[in-house]
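Everything on this sheet refers to the single structure shown next.
The values are calculated or read from the model by the stated rules, or taken from the named source; none is laboratory data. These numbers were taken from a predicted model, which means no experiment stands behind them. In this analysis, Cβ positions are derived from the backbone assuming ideal geometry, glycine residues included, and neighbour counts consider all displayed protein chains. Accessible surface areas use protein heavy atoms only, side chains included; no ligands, DNA or RNA. Shrake-Rupley method; radii C 1.70, N 1.55, O 1.52, S 1.80 Å.
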Amino acid sequence: MALLTGWAAFLVSVGTIGCIYGLLTLGLNVHYGYTGLLNFGHVAFFAAGAYASAIVTMPPPSEVTNASYQIWFNLPMPYAFPVSLAAAAVVGGALAFLIGLTSVRLGTHYLAIATFALAGVFSDVLVNEAWLTNGSFGMNSVPKPGRAMLSADVWQLSYLLFAAGSLLAVYLLLERLMNAPFGRLLKGVRESEAAAKTLGKDTNVVKLKSFVIGGMVAGFAGGVYAHYLGSVVTAQFIPAVTFTVYAGMLLGGAASNTGAVVGAFTVVAFRESTRFITTVYNWIQSTLPDALSGVLPTVFSPLPNNPSFIPSMRFVVIGVLFVLVIRYRPEGLFGDPSEIQALGEED
């Protein structure tokens with residue numbers, strides 16, 4: 001008997017994706033919210049972690065259709081699960097370190113351009129280096145920990161609990177870190193890098209440490225994501241992921257870990273729920289009396305006659321939400337206005 005049907009299965013799926021995006025947003029919040037680093041390449045760390053987890057646990061190419069990768073470890077599940085997540089965090093942090101070495105010295109807007117460009121380069125590497133990533137086919141046999149021992153519904157619930165526990169653990173760790181002297185140092189660099197230098201702080205090293213920490217959190221999120229879907233494909237890691245995470249962070253409030261999590265869940269819930277706008281539209285039209293059945297088509301007749309038009313408009317709405325939050329409530333739902341003023345002065 002199925003435990004999860006209809007809306008229950010949908011809510012469990014949205015909750016799990018929300019936890020993963022919550023991790024991603026926490027990582028970005030370390031960069032932008034606490035340190036003032038305008039990173040537009042955050043999705044690259046996410047992708048690096050996902051592929052690292054896949055490589056650690058993927059079976060030999062002979063067991064996979066359209067496989068051309070030449071490196072795999074085939075570590076058994078579920079015992080290799082912690083190892084794969086640790087690898088994801090390390091690889092995400094290592095990529096952040098390499099990008100940060102050449103980028104953190106740049107000013108805010110130049111840093112944004114550099115990180116965006118480097119993320120594009122990394123995406124091309126993922127596509128072209130098929131010996132490592134299986135190219136555009138991706139890695140479609142990523143093991144799901146415990147799936148062989150549990151029914152589909154129990155596994156979905158169990159993974160939701162794991163993702164929520166991981167999010168809580170990272171949240172508490174970052175809360176403690178950002179309230180420690182190191183966190184205050186990050187804020188000091190964000191508010192006045194020149195003042196931090198006069199106090200003898202090497203601000204480039206501080207920013208590089210921040211970059212690595214955020215990259216490790218994003219890489220860890222990638223590992224959780226890979227084992228949840230059981231598939232890692234380059235088309236999943238597009239720039240829109242970064243801007244969705246930014247929308248969540250700014251909605252909840254930059255420099256607020258609570259705001260980062262709430263904002264991520266809000267944006268994910270909106271994005272996923274609006275996939276069904278067409279279904280809801282058709283249902284409403286079918287339930288209207290005959291006398292009113294032509295009202296909705298008349299109202300929406302100026303819109304393009306394309307089934308995917310209305311669902312795709314949710315990305316436009318997210319973009320408009322992004323602009324409105326920045327314009328009318330830049331501190332977000334949980335942010336401190338003084339924190340945002342400091343970010344604005346730095347920009």
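So, in the range 15-52, how many residues would count as being β-branched (Val, Ile, Thr) and closer than 17 Å to His109 by Cα? Explain how you work it out, then say what you get.
So in the range 15-52, the residues β-branched (Val, Ile, Thr) come out as 16-17, 20, 25, 30, 35, 43.
Okay, now just the ones that are also closer than 17 Å to His109 by Cα, so 35.
So the count comes out to 1.
Filter the range 220-231 for residues that are open to solvent by less than 10 Å² (accessible area, probe 1.4 Å) and under 15 Å from Leu24 (Cβ atoms) and give the result.
Ala221, Gly222, Gly223, Val224, Ala226
Looking at Glu191, is it at pLDDT 90 or above, acidic (Asp, Glu) and open to solvent by 20 Å² or more (accessible area, probe 1.4 Å)?
No; evaluated as a whole, the condition is false for this residue.
List, please: which pairs have Cβ atoms under 9 Å, are six or more places apart or on different chains, and start with a residue in the range 156-178 that is under 29 Å from Thr35 (Cβ atoms) and end with one that is among the basic types (Lys, Arg)?
Filtered contacts from the range 156-178: Met178/Arg184; Met178/Lys187.
The rows are residues; the columns are (1) closer than 27 Å to Asn257 by Cβ; (2) open to solvent by less than 10 Å² (accessible area, probe 1.4 Å); (3) not in a loop (DSSP other than H, G, I, E, B).
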position	(1), (2), (3)
Ala9	no, no, yes
Thr16	yes, yes, yes
Gly33	yes, yes, yes
Asn39	yes, yes, no
Asn66	no, no, no
Gln70	no, no, no
Pro78	no, no, no
Ala89	yes, no, yes
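Just to be sure I understand, how many residues within the range 241-275 are surrounded by fewer than 20 Cβ atoms within 10 Å (Cβ to Cβ) and either within 25 Å of Phe81 (Cα to Cα) or free of Cβ contacts under 8 Å to residues at least 24 places away in the same chain (or both)?
2
So which residues in the range 142-158 are open to solvent by 50 Å² or more (accessible area, probe 1.4 Å) and of a type in the set (D, E, K, R)?
Once the filter is applied, which keeps residues that are open to solvent by 50 Å² or more (accessible area, probe 1.4 Å) and of a type in the set (D, E, K, R), the range 142-158 yields Lys144, Arg147.
Specify which of the listed residues (Leu161, Leu167, Leu173, Leu177) is buried (at least 18 other Cβ atoms within 10 Å of the Cβ) and part of a helix (DSSP H, G or I).
Numbers: Leu161 fails: buried (at least 18 other Cβ atoms within 10 Å of the Cβ); Leu173 fails: buried (at least 18 other Cβ atoms within 10 Å of the Cβ); Leu177 fails: buried (at least 18 other Cβ atoms within 10 Å of the Cβ).
From the options Leu161, Leu167, Leu173, Leu177, the qualifying one is Leu167.
How many residues are farther than 12 Å from Ala50 by Cβ and assigned to a loop (DSSP other than H, G, I, E, B) if we restrict to the range 216-271?
Final tally of qualifying residues: 5.
Could you tell me whether Glu129 is acidic (Asp, Glu), under 21 Å from the mean Cα position of the chain (by Cα) and modelled with pLDDT of 90 or more?
no
Between a first residue in the range 198-219 that is open to solvent by less than 10 Å² (accessible area, probe 1.4 Å) and a second residue that is among the polar types (S, T, N, Q), which pairs have beta carbons less than 6 Å apart while being 6 or more apart in sequence or on different chains?
Ser210/Thr35
Could you please find all residues in the range 220-240 being within 20 Å of Val170 (Cα to Cα) and either without any contact (Cβ under 8 Å) to a residue 24 or more places away in the chain or out of contact with any Ser or Thr (no Cβ under 8 Å at 6 or more places or on another chain) (or both)?
Ala221, Tyr225
Taking the condition of being touching a Phe, Trp or Tyr at 6+ places or on another chain (Cβ under 8 Å) and not in a loop (DSSP other than H, G, I, E, B), how many residues in the range 142-158 meet it? Give the derivation first.
Going residue by residue through the range 142-158, those that are touching a Phe, Trp or Tyr at 6+ places or on another chain (Cβ under 8 Å) are 144-147.
Narrowing the set further to residues that are not in a loop (DSSP other than H, G, I, E, B) leaves 147.
Number of matching residues: 1.
What's the number of the only condition in (1) in contact with a Ser or Thr (Cβ under 9 Å, 6 or more places away or on another chain); (2) loosely packed, with under 15 Cβ neighbours inside 10 Å; (3) not polar (S, T, N, Q) that Val56 fails to meet?
Every condition holds for Val56 apart from (2).
Hey, can you tell me all the residues within the range 49-64 that are aliphatic (A, V, I, L, M), farther than 27 Å from Thr258 by Cβ and either in contact with a strand residue (DSSP E or B) (Cβ under 6 Å, 6 or more places away or on another chain) or not in a loop (DSSP other than H, G, I, E, B) (or both)?
Hits for the range 49-64 are Ala52, Ala54, Ile55, Val56, Met58.
Of the residues that sit in the range 91-141 and are at negative phi, in contact (Cβ under 8 Å) with a residue 60 or more places away in the chain and outside any helix (DSSP H, G or I), which one is surrounded by the fewest Cβ atoms within 10 Å (Cβ to Cβ)?
Arg105
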